[in-house]
Structures are given as structure tokens and as C-alpha cells.
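**Q** Got a structure for you, written out below as C-alpha cells; questions coming shortly.
The values are calculated or read from the model by the stated rules, or taken from the named source; none is laboratory data. All values derive from a computational prediction rather than experimental measurement. In this analysis, Cβ positions are derived from the backbone assuming ideal geometry, glycine residues included, and neighbour counts consider all displayed protein chains.
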């Protein structure tokens, strides 16, 4: 049982169930769409409770890993996604979805994955925190820079950044500093599970049918997703091996340099833009789970499976 839960995490199973439910029962798409952003806010807030008290009170030791997080997730991964898509994506709505993916910060699943895969926890947490703080400025600038010919609600974008990035950071710090996180700890997994299911259902019910109507576009998006995840991951591994970077540090860089919060990008696309703009997020989420499975298989060849494997909350 431990082996199954190690390889097939609850978020992966929930993603597949949500996709199947969205195909069979798409009637709840409007309700899912209305609940998507609140659900994302809850996921981000609850997951960020894992950052310990006083994490930001001594910023200097965190500065270098925070800059690594910004560099890996935005300047390497984000730029690769954008510039590889320039030559392949011609549809305006799909381009919007790609830009949103490049603009969002790392996946919050990095926190439990770094623990499960025995990566360097401090580097992963600081890198994630740095990328989220950087996203306050980088995400709007990315949208404005690459979507300048598309009519945008700039005040709405700013409000979204505040709701989905700033608010979860503030709420999580307030909760941890007042020991309120202990209240949520027993229910953390079930809260995240339900919220993640809502987001994935909203994406599937609203947009999944479009995936099968645009096979060529789907192929291009899948090629970008696979290349930006597996190729960049391979390059990070080889460069770190050349410079003899410790394995736990390599894993933290791999997670920061290959995983973005695709559910967040999909939710924003669905609520602010349209159903087509959410299609790239669905494809990237699927590829992300395959890559996570690949990392778990690789780690299994190096170390034994932990006796208690904590699944990654998305």
C-alpha cells in the first residue's frame, strides 16, 4: 500500500477523477468556475502554513535561495515556455493560456515533494517564497508585456495578484504566528483535496472538450510542456552533476526549475479570459504529474520508500 501511495499521490488520483467527472457531468461548470479562485486561495494559504514561524524574520540567509527560486522558475522555465511557444502557438486564446503559465509562481506541491524526495528543505522553501514574492511584480509585468495587444482589465489583474499571491502569504503568516495553523493541521489534507478537485473539475468541465477538437494545437502544447519539463530537468541535472552539487540541492533546483502552479494559471484563464485559454493548463498539469512520477521512480532506485509517504498537495 505504501508503494502505491508513494507513486500515485492523492492529487494525481483527484486530477483524473475530476477530469472524468468533468467529461461525464459538465453541467456544474459554472458553479466550478465560480468556486475556482476561492478554492485556489485556500489551497495556497493552507499549503504555505508549512513554512515555519519566523521564516521571513531573518531574510539575509534566505536571499540566495530566494533568488535561485526566481531565477529557476521565471528566468529559465518561464522564458523557455514563452519563447518556445512563439513559434508554435498561433491561436490567441491558447497564447493567453501559455503566457499565464509562464507568469505564475512555482507549484506549491514543491513543499511536500521536497520532503518526500528528501530535497534540501530550506532551499526549496526559500526558493518558493522568493518566487511568490517576486511574482507580485513579475506576474503582472509578464502579462502586460506579452499580452499588450489583447484588451486587459489591469485593475482586475492587480486584484487577482493580491488575492492569489499576497493574501495567501499574509494569511499563512498570521495563522502561523498565532498558532492557528495547529487548528487546521488535522484537516489540511482533506481541505486541499476538496479544493484541488473543485479547480480541476472546473477546468475539465469547462475546457476539456476543446482539447479533442484541436488535436494539432494539443500536440504543440504537449510538446512545449514535455520539453520545458523534461528537457530543462535533464539540463539542470547534468549541469549540477558537472559542478558536483549535492543531490539534495539538485532536487530542490529541479523542483523549482520544472514545476509551476498550472492550476493557478488555469483558474485565472477560466475566470478572467475564456475556456480556450485554460486548455494549456490542463495539458501542463498532466505532464507535471508524469514528471513527478519519474522523479519518484528515480529516487526509488537510490533510496528506500519512506515508511510514511506524504502525498503532494497541488
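**Q** Residue check: is residue 60 part of a helix (DSSP H, G or I) and closer than 14 Å to residue 261 by Cβ?
**A** For residue 60, the condition - part of a helix (DSSP H, G or I) and closer than 14 Å to residue 261 by Cβ - is not met.
**Q** Could you say whether any residue in the stretch 236-259 is under 23 Å from residue 90 (Cβ atoms) and modelled with pLDDT of 95 or more?
**A** There is no residue in the stretch 236-259 that is under 23 Å from residue 90 (Cβ atoms) and modelled with pLDDT of 95 or more.
**Q** Is it the case that residue 269 is under 13 Å from the mean Cα position of the chain (by Cα), in a helix (DSSP H, G or I) and more than 20 Å from residue 112 (Cα to Cα)?
**A** no
**Q** OK, next. Collect the residues in the stretch 80-90 that are part of a loop (DSSP other than H, G, I, E, B) and out of contact with any helix residue (DSSP H, G or I) (no Cβ under 6 Å at 6 or more places or on another chain), keeping them in residue-number order.
**A** 87, 90
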